[in-house]
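The next block holds one structure in the form of structure tokens; read it before the comments.
What follows is calculated from the coordinates using simple rules that are stated; it is not laboratory data. Being a predicted model, the structure only gives us computed values, none of them experimental. Here the Cβ is made from the backbone with ideal geometry for all residues, glycine too, and neighbour counts use every protein chain on show.
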């Protein structure tokens, strides 16, 4: 039976631990210059409805490192862009390639694609979830703190797709998530309820200061995501006071780290001083997209 990776609902704690261990192994091989062509003969189709830097380059470079190949497919250039049903494209690509990664506006598009594809499907980003980003985040936190259990991670800002994936991951991995969002921008209650049912420690705070106090990591993302540009002015007003500043970082525990999934709007959700500061692990997160996704590809495709 094929496996997909659409959200953290598709994996359990043991599988995540195995993915992180494999990512650490592949990262060590990469840094030592040791070839690891584990997916020779495999191909990955990458469908992009949304623009991308890290998702595209990390998946494409990752397949190259693993001895396979990757095909960049702009959705506007496919028959999808002319109204071909998602299910038809899914069936056809299943005859051509080994797996598909999709970066889409609507999670329903990815879910439908996975339903009709006979090959593994990976969510490269949707409005609901960004599991590949959070897989890399877990790897980065594990590198820094050795263990995820008991960590206090403060999410400051929009309750968006990355926040949703962090909430679900917390249910698996035993870290506490402290969330501070303006009214009206909290994550969906259904996501929170499911994670709590799995044992996640998720606490909502009225202010960023409360969430940041005593935290091991402060995490933020842009306030205006792709597809929300029309809401820009209203969002900037709503999120005033939610910037991660040096003063906010000072409330966290000594040795706390600062995270951002990029791209960053410096001066809005995070200051230049913080993202370039000694507590920032933003660039480690970005690099670990490559290693975590390579581990995921090996898990899904290696015979």
On Cα atoms only, tilt of 161-173 relative to the major axis of the chain in degrees:
90
Tell me, in nm to one decimal, what length is gained between residue 186 and residue 207 on full extension, where the rule is 0.36 nm per residue of separation less the Cα-Cα distance?
6.3 nm
Under 20 Å from a label point 7 Å along Cα→Cβ of residue 196: give me every residue in the range 1-32 with its amide N that close.
8-9
Taking 113-121, 157-165, 34-42 and ranking on average Cβ neighbours within 10 Å, highest first, one gets 157-165, 113-121, 34-42
Ranked list, fewest to most other Cβ atoms within 10 Å of each Cβ, for 155, 223:
223, 155
Return one number: the angle in degrees, 0 to 90 and rounded to the nearest 10, between the long axis of the Cα atoms of helix 107-116 and the longest principal axis of the Cα atoms of the chain.
30
Please rank 172, 265, fewest neighbouring Cβ atoms within 10 Å first, as an exposure proxy.
265, 172
Taking the chain as the reference, fit the longest principal axis to its C-alpha atoms, fit the long axis of helix 13-32 to the helix C-alpha atoms, and give the angle between the two in degrees, 0 to 90, nearest 10.
80
Pairs of alpha carbons in the chain whose separation is greater than 36 Å (percent):
15
What is the extension gain from residue 250 to residue 276, computed as 0.36 nm multiplied by their sequence separation minus the C-alpha to C-alpha distance, in nm to one decimal?
7.8 nm
Amide N of the range 1-41 lying under 17 Å from the label point, which is placed 7 angstrom from the Cα of residue 118 along Cα→Cβ
1-4
Could you give the Stokes-Einstein D for the range 157-280 in µm² per second, using the C-alpha Kirkwood radius, 10 °C, 1.306 mPa s?
108
Measuring from centroid to centroid over Cα atoms, what is the spacing of the range 139-161 and the range 169-198 in Å?
12
Just to confirm my numbers, what's the Cα centroid distance between the range 37-103 and the range 2-29 in Å?
20
Once residue 21 and residue 64 are pulled to full extension, the length gained, defined as 0.36 nm per residue separation minus their Cα-Cα distance, is 13.4 nm
